[in-house]
Every structure is written in structure tokens, then in C-alpha cells.
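FYI, it's all coordinate maths here, none of it is from the lab. Small disclaimer: the values here were computed from a predicted structure and weren't measured. Neighbour counts run over all protein chains shown; Cβ positions are idealised from the backbone, glycine included.
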Amino acid sequence: MRIAVIGAGAVGRALGSAWSKADHDVVYGVRTTGTQNMASFIARSGGREELGAEAVRGADVVVLALPWAQAEAAVQGLGDIDGKVVIDCMNPLTMREGVLELACGYDTSGAERLAAWIPGARVVKTLNQAGAEVMGDTSLLKPRPVMFLAGDDLAAKNIASELVRGLGFEALDAGPLRMARLLEPYAMVWINQAIIRGEGRDWSFAIARRKQ
Ligand SMILES: NC(=O)c1ccc[n+]([C@@H]2O[C@H](COP(=O)([O-])OP(=O)(O)OC[C@H]3O[C@@H](n4cnc5c(N)ncnc54)[C@H](OP(=O)(O)O)[C@@H]3O)[C@@H](O)[C@H]2O)c1
């Protein structure tokens, strides 16, 4: 599958490396091509790079791994994205009086705002509920971690679920895109525990079942 990963930071690189390793055709959508840093990353981890809109052209799936504050402008610059599966990994984070918080919630979500910016795209919210390091390498996590997905387009959600499973997660359908209103605060539980409460980043959520 050809996957355009927009934003080659911690999340973009972790996901892109794992999918490259699984033989997907990964194209990183960046603002400036040809940097030394990106060249050595690609030499180590595979994939290739293009300017954002070029990366999206011909992609089956577009993964948005951008800081929330830059997301709207970046997404508007991606060109024709109609009909594409768009995986939204972003958490709409903001600082308020020195405290890290969600910029929206309860009656909307970052994912729903995103879907309003690109109404022709098939947006799926997922891969926002764990740290970049474990999303890129789940191999040492026991039991198998879980990742929820929310989206209104079932076929798009199935494609995203395959990619999520390919990373080693149990993929669980959380329902329509409006359920991102739950998945974004859920990510804040991870952030609070990992960063504020001192648990560290080397863990992920999992489901405990009485019967397998
Ligand atoms: N870090 C985590 O563990 C984690 C986990 C789950 C979800 N998330 C969410 O994932 C998103 C990305 O987080 P991150 O930690 O990967 O951030 P990051 O390391 O800061 O990377 C963000 C990347 O976005 C790029 N970027 C910004 N504007 C762009 C544009 N117009 N076109 C192309 N690239 C652009 C930046 O490139 P430049 O170098 O050019 O600035 C940078 O490489 C955030 O919304 C975050 O909340 C993060």
C-alpha cells in the first residue's frame, strides 16, 4: 500500500519505519526536501520524501502526524485529498496557563474539525493513544496493546485497522468519527501517566478479558 506520512517527526518516523519494514511504500510529506537529517533517516529506515502535496498524489492512505497548531494550514496545502483514507494521529493539544490541555472536546473533537477542513476525505481517528516509540515497535509489549479507531466510513476504517494490526496492535472499532471525542481525552490519560505521573513512555493500553 502507498502511504503518505505528512509530518516526519517522532510519530511520522516511528509509523513510517514500521510500515516500510512491512514492505509498504512509504512517502514522507515534508516542508523541505533534501535535509541531511532526513536523508540519513531514510537510509536507515527506508521510504522516500516529497513535498507534502506531491507525497499525497498517488497515495492510498494519508497519515497526518502534525502538531495541532500547524495542522489546518498544512492540510489546506495538501491539494486534492478527496476519496483518500486519512488517518488522524493528532491530539489537539494546547497550553493553557502553563498546563497541557485539549484545545477542544465534549461537543466536537480535533478529528471532526479536521474532517470539516477536508470534507471529501475519509477520516479515521487512531494511532493517537500511545507514544511514538511503542507505536513504532510493539514487539516487547505484553499483553498485546490495543488501539481504538473511530470513523464514519467503514471501508476506510477497515483499511486503517489493517495498518494498525500490522503494527502489532489489537484494533478495536470505537464507532463513528464523533467517538474521537472519547479517544482524544483517552490519549490525555496516556500523556498524564507517561509524562506528568512519571510512568515513562514504554507502555501502552491493553484489554484484559476473562475469556479469550
Ligand atoms: N509524540 C508522541 O508520542 C505522540 C503520540 C501520539 C500522537 N501524537 C500526536 O502526533 C502529532 C505529531 O506529534 P510528534 O510528536 O510526531 O511531533 P513532532 O516530533 O514535533 O513532529 C511534527 C512534524 O510535523 C512537521 N510539520 C509541521 N508542519 C508541517 C507541514 N506544513 N508540512 C509537513 N510537515 C510539517 C514538522 O516538520 P518541521 O521539522 O519542518 O517543523 C515535524 O517533523 C501531534 O499532533 C501529537 O499530538 C504524538
Item to check | Flag if ALA180 is hydrophobic (A, V, I, L, M, F, W, C) and either closer than 23 Å to VAL61 by Cα or in contact with a helix residue (DSSP H, G or I) (Cβ under 9 Å, 6 or more places away or on another chain) (or both) | outcome: yes
Item to check | Of all residues in segment 163-212 being assigned to a helix (DSSP H, G or I), among the small types (Gly, Ala, Ser) and under 17 Å from the mean Cα position of the chain (by Cα), the one that is surrounded by the most Cβ atoms within 10 Å (Cβ to Cβ) | outcome: ALA180
Item to check | Hits in segment 94-120 - residues which are free of Cβ contacts under 8 Å to residues at least 60 places away in the same chain, among the aliphatic types (A, V, I, L, M), in contact with a strand residue (DSSP E or B) (Cβ under 9 Å, 6 or more places away or on another chain) and assigned to a strand (DSSP E or B) | outcome: MET95
Checklist entry - Of everything in segment 1-19 that's more than 15 Å from VAL134 (Cα to Cα) and out of contact with any Asp or Glu (no Cβ under 9 Å at 6 or more places or on another chain), which residue is farthest from the ligand (Cβ to nearest atom)? => result VAL5
Next on the checklist: Please verify whether ALA22 is of a type outside the set (Val, Ile, Thr), more than 10 Å from the ligand (Cβ to nearest atom) and free of Cβ contacts under 8 Å to residues at least 60 places away in the same chain, treating the condition exactly as stated.
Outcome noted: no
Item to check | Filtered residues of segment 34-59 (kept if surrounded by fewer than 14 Cβ atoms within 10 Å (Cβ to Cβ), in a loop (DSSP other than H, G, I, E, B) and either of a type in the set (S, T, N, Q) or touching a residue at least 40 places away in the same chain (Cβ under 8 Å) (or both)) | outcome: THR35, GLY58
Checklist outcome for this item: Taking segment 88-107 and keeping only residues that are surrounded by 15 or more Cβ atoms within 10 Å (Cβ to Cβ) and either of a type in the set (A, V, I, L, M, F, W, C) or more than 19 Å from TRP190 (Cβ to Cβ) (or both), one is left with CYS89, MET90, LEU93, LEU102, ALA103, CYS104
